[in-house]
Amino acid sequence: MKCSVIVACYNPILSKVIFTLKTILQQDIKDIEIILVDDGSKDNRFQEVEQYLVQNDFRNYKFVANEINQGTVKNIISGLNVCTGRY
């Protein structure tokens, strides 16, 4: 059963996002989908995050980028709209 994990960000500190991803990848659940949702950040960190995921041989991820800041709830809803996991 697939588990979707939404990581909602706004102007994230790269080291904290990487720490979060590292923690997700260490879980016992193997069928994980990671959804990274950015809420209109000024600097796009997706390229660096993608590099980390590829280096760790993880390919089941999606990026969602909101062009303008919509707030936490709408940002999370953007992630929910693309989730495919049962949980």
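Only the coordinates and a few stated rules stand behind these numbers; no lab work does. Note that the structure is a prediction, hence the values are computed from the model and not measured. Glycine also receives a Cβ, built like all others from the backbone with ideal geometry; neighbour counts cover every protein chain displayed.
Remarks
- Qualifying positions in the range 1-20 - over 18 Å from V82 (Cα atoms), among the hydrophobic types (A, V, I, L, M, F, W, C) and in contact (Cβ under 8 Å) with a residue 24 or more places away in the chain: L14, V17, I18
- Within the range 48-73, being within 16 Å of I24 (Cα to Cα) and β-branched (V, I, T) holds for V49, V54.
- Subset of the range 13-39 that is of a type outside the set (A, V, I, L, M, F, W, C) and either part of a strand (DSSP E or B) or touching a Ser or Thr at 6+ places or on another chain (Cβ under 7 Å) (or both) - its residue that is surrounded by the fewest Cβ atoms within 10 Å (Cβ to Cβ): E33
- D43 fulfils the conditions (1) in contact with a Phe, Trp or Tyr (Cβ under 9 Å, 6 or more places away or on another chain); (2) of a type outside the set (S, T, N, Q); (3) loosely packed, with under 12 Cβ neighbours inside 10 Å except for a single criterion, (1).
- Taking the conditions (1) surrounded by 11 or more Cβ atoms within 10 Å (Cβ to Cβ); (2) over 13 Å from V7 (Cα atoms); (3) not aliphatic (A, V, I, L, M) in turn, T72 satisfies each one other than (2).
- Across the range 40-60, a minimum of one residue is classified as of a type outside the set (D, E, K, R), closer than 16 Å to G85 by Cα and in contact with an Asp or Glu (Cβ under 7 Å, 6 or more places away or on another chain).
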